[in-house]
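Working notes, beginning with the structure itself.
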Amino acid sequence: MILLEFSMSPMDKGESLSPYVSRSLEIVANSGLDYRLTAMGTILEGEWDEVMGVVKQCYERMRSDCNRVSCSIKIDYRKGREGRLESKIASVESKLKKTLKK
């Protein structure tokens, strides 16, 4: 199972990019994959082809009206483990014996 964190934004649309980023989040939300939006990117959980397919859809939508697109991707693979979006945080919280901000 893959955890993939990505951030994608146009570089030619000024300072406020939320209209472009929100289009990607619509694709993510409709993908059926588990995900988390953070202030700096989005984390997807799924199989390789699923998560990469979502990133590709976001890229294709972004490039349709943006002349330059920046994308950062970080991938964590762990064999046989699902639900890691929650379990990785829960593991740290149990060791700290407190709930962290989400």
**Request:** Considering only residues that are among the aliphatic types (A, V, I, L, M) and either under 10 Å from the mean Cα position of the chain (by Cα) or part of a helix (DSSP H, G or I) (or both), look in segment 4-32 and name the one that is farthest from Cys58 (Cα to Cα).
**Result:** Leu4
**Request:** Please indicate, with yes or no, whether at least one residue in segment 9-29 is surrounded by 11 or more Cβ atoms within 10 Å (Cβ to Cβ) and touching a Gly at 6+ places or on another chain (Cβ under 6 Å).
**Result:** no
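For the condition in contact with a Gly (Cβ under 9 Å, 6 or more places away or on another chain) and either closer than 23 Å to Tyr20 by Cβ or not in a helix (DSSP H, G or I) (or both), what is the one hit in Lys56, Lys98, Lys74? Explain how you work it out, then say what you get.
Values: Lys56 fails: in contact with a Gly (Cβ under 9 Å, 6 or more places away or on another chain); Lys98 fails: in contact with a Gly (Cβ under 9 Å, 6 or more places away or on another chain).
Checking each option against the conditions leaves just Lys74.
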**Prompt:** Which of the residues that make up segment 61-101 are of a type in the set (Val, Ile, Thr) and either surrounded by 13 or more Cβ atoms within 10 Å (Cβ to Cβ) or closer than 15 Å to Phe6 by Cα (or both)?
**Reply:** Val69, Ile73, Ile75, Ile89
**Item:** Restricting segment 33-49 to residues that are free of Cβ contacts under 8 Å to residues at least 24 places away in the same chain and either part of a helix (DSSP H, G or I) or touching a strand residue (DSSP E or B) at 6+ places or on another chain (Cβ under 7 Å) (or both), the residue that is surrounded by the fewest Cβ atoms within 10 Å (Cβ to Cβ)
**Value:** Asp49
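All of the numbers you see were taken from the coordinates with simple rules; none came from a lab. Only a predicted model underlies this, so the values are computations on that prediction, with no experimental measurement involved. A quick note on method: Cβ atoms are made from the backbone with ideal geometry, for glycine too, and the neighbour counts reach across all protein chains shown.
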